[in-house]
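What follows is a single structure, written as structure tokens, with notes after it.
The values are calculated or read from the model by the stated rules, or taken from the named source; none is laboratory data. Keep in mind that this is a model prediction, so the values were computed, not measured. Cβ coordinates were reconstructed from backbone atoms using ideal geometry, including for glycine residues, and neighbour counts include every protein chain displayed.
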Number of protein chains: 2
Amino acid sequence: MRNSKKFALLGNKKPLKLDSGKKLENFKIAYQTYGKLNKNKSNAILICHALSGDQYASGQNPITKKPGWWSKAIGPNLPIDTNKFFVICSNILGGCLGSIGPKEINQKTKKKFNMSFPVITIKDMVNAQKMLIDELGIKKLVSVIGGSAGGFQALQWAATYPESVISAIPIATSFRHSAQNIAFHEVGRQAIMSDPNWCNGNYINYKKRPEKGLSVARMLAHITYLSEEAFQRKFGRNLQNKLSLAYGFKTDFQVESYLKHQGQTFVDRFDANSYLYITRAMDYFDLPGQKKGGLKEIYKNTPVKFCVISFTSDWVYPTKYSKEIVDSLNAVGANVSFVEIETDKGHDAFLLDEKEFNDTVKGFLKATANRLGF
Amino acid sequence: MRNSKKFALLGNKKPLKLDSGKKLENFKIAYQTYGKLNKNKSNAILICHALSGDQYASGQNPITKKPGWWSKAIGPNLPIDTNKFFVICSNILGGCLGSIGPKEINQKTKKKFNMSFPVITIKDMVNAQKMLIDELGIKKLVSVIGGSAGGFQALQWAATYPESVISAIPIATSFRHSAQNIAFHEVGRQAIMSDPNWCNGNYINYKKRPEKGLSVARMLAHITYLSEEAFQRKFGRNLQNKLSLAYGFKTDFQVESYLKHQGQTFVDRFDANSYLYITRAMDYFDLPGQKKGGLKEIYKNTPVKFCVISFTSDWVYPTKYSKEIVDSLNAVGANVSFVEIETDKGHDAFLLDEKEFNDTVKGFLKATANRLGF
């Protein structure tokens, strides 16, 4: 399935007011859709992508030429069934695949934003998505679904627009970024900003790219996406194309080769400044901090049905954070189901073909569709 | 207590043959001692330092002007009691505080080694320590004690020189480096080697220093030394000297400030190439791989008494690795005691003032001293 590029021009009537106090006018959001919108425009599902994701959730990614990041989950008869649902996935605000972000042109100055792009938040991203949904004429979403930072967005949708979403599936996520989460992001940012090719963020103007710094940031992040057990099972101490240690600093171990590959392929498809902005938005995410009384107050009387999913070996957003969400929802009598999935695949399990995970999403959406009469 | 600089010139009669096949002749090992060696030279304890440690385990560190890294553990009436024991701590092979390493002069070429320094292993470090002990006229050590990479050395001592050590205390350590351990080290090395001031390792010749790269490596490593709980308890999402988010990329959170400080102070006292060499030595550590039959064969009939200590919240070398050591020792009927200490302080707990840890070391050494008639 080929992806044709879709854009929405938003904020032309009313600007998007950001959490920082700044405003964005006349900005583009790039998005993709899968399946068909029904006549009543009542069968739409919004997929929210994570830090390094994009709008190409299914079909072929035009940059990497590989299948979209969730093509195993989205499609006919798949967990997110495009025979029933119209699936929308937009490149998040601050992203680098066509939505407004640091590498785009500031319409006011006619120059690249670079680091003059305003710092954004998860809530800002969700507000931009809401503008897109409005633009598409959709009043209510069947579901908002996302893993990791996509889960932040799903939780924020349910908090900010409870009347516009029937259900939310926050996966492998948390209600706030922890100190350790912030710490890992800060090291990644320092790696990027220490690269002399970053040029104080103006690398595009100099036709340079901070590839080494971004690669180090990605290598580090990738360690956190896998569990210790998965690393051991996949690589152990296996050597890369050699029978004995080389006593040098080139690649000795398979795990080194794997990580370097992850770093190298990432710099071909991702913008370093976008990485700074999106990690910052994640660090700033603190849902309970948005309202006095925290999660309970935020979700009091919520009409949204939640399906919270966590993975046993996820150490970035461990199950305990999902449980805190579930406890708060239960405390206010919300409709919530919670599934902790036993896997050694770590945080990235939601991107992989995990049967129990697929079954959970499929079952929850099927029940929702049945209730809605699809 | 002031530390006067002590050096031993080793390998002048017989060179040190390294695991790589290369040899080191006429090399210096810098060391410090605390307490007094008795007449029989039978009261010596060897302390092995970790990756970023040095020989200044107690007294004042002449570089940082701060107390030595284990001054809470070594001294009169302290767990490692200098009223009874003569305590030796040497800067490891490849280190940067006076022992031979990449920043020292190659006596053959009269130039700095830089990256021509041979890649070394934990076993090489231990062999150099054995030469030092021989030089000091000590036949048998009461104990070899170390945490983290110091624990690797303690385990290696018991494996290679079982007749020369009465006891070993490996702390917060493992019998081999895991895939995840290697992965974290590789990211740190890439950060250093990506810094243009690294100059292919020849930065000293150019009067430069890869400070940014080394700082990123240290920041990353530091995250692994603390537990997620400790990060949350110490910093949470507290802001640094401000009341609200700054919507920028400077320091917003206390945890960012803390990490940056860790990075900045490290570059003042540590050599980047040494960091590469020592992390590589750690990656290469695979004790069971040294002998067919693994740990059981290595420690079969060992006369060494072991006290293995782990910490519940250490996720770099979790308790399961200590348990595997203990299981192997038990399987061959070795004399081993094992203590897992409940703490949320993470891997670095061995450097901190943990009462149960101090009591364990003190009790084990006291019993050993009693047996020896001190």
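Against the condition in the same structural domain as residue B:153 (by TED's automatic domain parsing), in contact (Cβ under 8 Å) with a residue 60 or more places away in the chain and touching an Asp or Glu at 6+ places or on another chain (Cβ under 9 Å), how does residue B:68 come out, does it pass? Taking the combined requirement at face value, the residue satisfies it. When region B:220-265 is filtered for residues that are among the aliphatic types (A, V, I, L, M) and out of contact with any strand residue (DSSP E or B) (no Cβ under 9 Å at 6 or more places or on another chain), the ones remaining, listed by number, are B:220, B:221, B:223, B:226, B:230, B:243, B:255, B:259. Does residue B:293 satisfy the condition of being without any contact (Cβ under 8 Å) to a residue 60 or more places away in the chain, exposed (fewer than 14 other Cβ atoms within 10 Å of the Cβ) and either more than 18 Å from residue B:165 (Cα to Cα) or not assigned by TED's automatic domain parsing to the domain that holds residue B:147 (or both)? So residue B:293 fits the description; yes. Taking region B:154-190 as the range and being without any contact (Cβ under 8 Å) to a residue 60 or more places away in the chain and farther than 30 Å from residue A:264 by Cα as the test, the residues that pass are B:160, B:161, B:164. Filtering region A:307-325 to residues that are buried (at least 22 other Cβ atoms within 10 Å of the Cβ) and over 18 Å from the mean Cα position of the chain (by Cα) leaves only A:325. Residue check: residue B:256 meets all listed conditions (1) surrounded by 17 or more Cβ atoms within 10 Å (Cβ to Cβ); (2) at the interface with another protein chain (Cβ under 9 Å from one of its Cβ atoms); (3) of a type outside the set (A, V, I, L, M); (4) touching a residue at least 24 places away in the same chain (Cβ under 8 Å) but one, namely (4). For region B:320-339, check the following and say yes or no: at least one residue is over 26 Å from residue B:296 (Cβ atoms), in the same structural domain as residue B:148 (by TED's automatic domain parsing) and either in a helix (DSSP H, G or I) or hydroxyl-bearing (Ser, Thr, Tyr) (or both). No, that holds for no residue. Taking first residues from region A:101-112 that are among the hydroxyl-bearing types (Ser, Thr, Tyr) and partners that are surrounded by 10 or more Cβ atoms within 10 Å (Cβ to Cβ), the Cβ contacts under 9 Å between residues at least 6 apart in sequence or on separate chains come to A:109/A:116. Residues of region A:107-129 that are over 17 Å from residue A:20 (Cα atoms) and touching a Ser or Thr at 6+ places or on another chain (Cβ under 7 Å): A:129 alone. When region B:146-172 is limited to residues that are touching a strand residue (DSSP E or B) at 6+ places or on another chain (Cβ under 8 Å) and among the β-branched types (Val, Ile, Thr), the one that is surrounded by the fewest Cβ atoms within 10 Å (Cβ to Cβ) turns out to be B:166. Per the conditions (1) farther than 30 Å from residue A:310 by Cβ; (2) more than 9 Å from chain B (Cβ to nearest Cβ); (3) not basic (Lys, Arg), the sole criterion not satisfied by residue A:248 is (2).
Looking at region A:200-231, which of the residues that are free of Cβ contacts under 8 Å to residues at least 40 places away in the same chain and more than 24 Å from residue A:173 (Cα to Cα) is farthest from the other protein chains (Cβ to nearest Cβ)? This residue is A:207. Candidates in region B:232-245 are the residues that are over 31 Å from the mean Cα position of the chain (by Cα) and within 8 Å of chain A (Cβ to nearest Cβ); of these, the one that is surrounded by the fewest Cβ atoms within 10 Å (Cβ to Cβ) is B:245. Output the residue which, of all residues in region B:340-374 that are of a type in the set (D, E, K, R) and in a helix (DSSP H, G or I), is nearest to residue B:319 (Cα to Cα). Here the residue is B:348. For region B:359-366, the count of residues that are in contact with a Phe, Trp or Tyr (Cβ under 9 Å, 6 or more places away or on another chain) and small (Gly, Ala, Ser) is zero. Taking region A:143-199 as the search range and keeping residues that are hydroxyl-bearing (Ser, Thr, Tyr) and at the interface with chain B (Cβ under 7 Å from one of its Cβ atoms), which one is nearest to residue A:37 (Cα to Cα)? Per the stated criteria, the residue is A:178. Candidates are the residues of region B:96-132 that are within 14 Å of chain A (Cβ to nearest Cβ) and assigned to a helix (DSSP H, G or I); the one that is nearest to the chain's Cα centre (by Cα) is B:122.
Among the conditions (1) part of a helix (DSSP H, G or I); (2) crowded, with 21+ Cβ neighbours inside 10 Å, the only one that residue A:143 does not satisfy is (1). Report yes if residue A:212 is under 30 Å from residue B:20 (Cβ atoms) and either within 23 Å of the chain's Cα centre (by Cα) or small (Gly, Ala, Ser) (or both), otherwise no. Taking the combined requirement at face value, the residue does not satisfy it.
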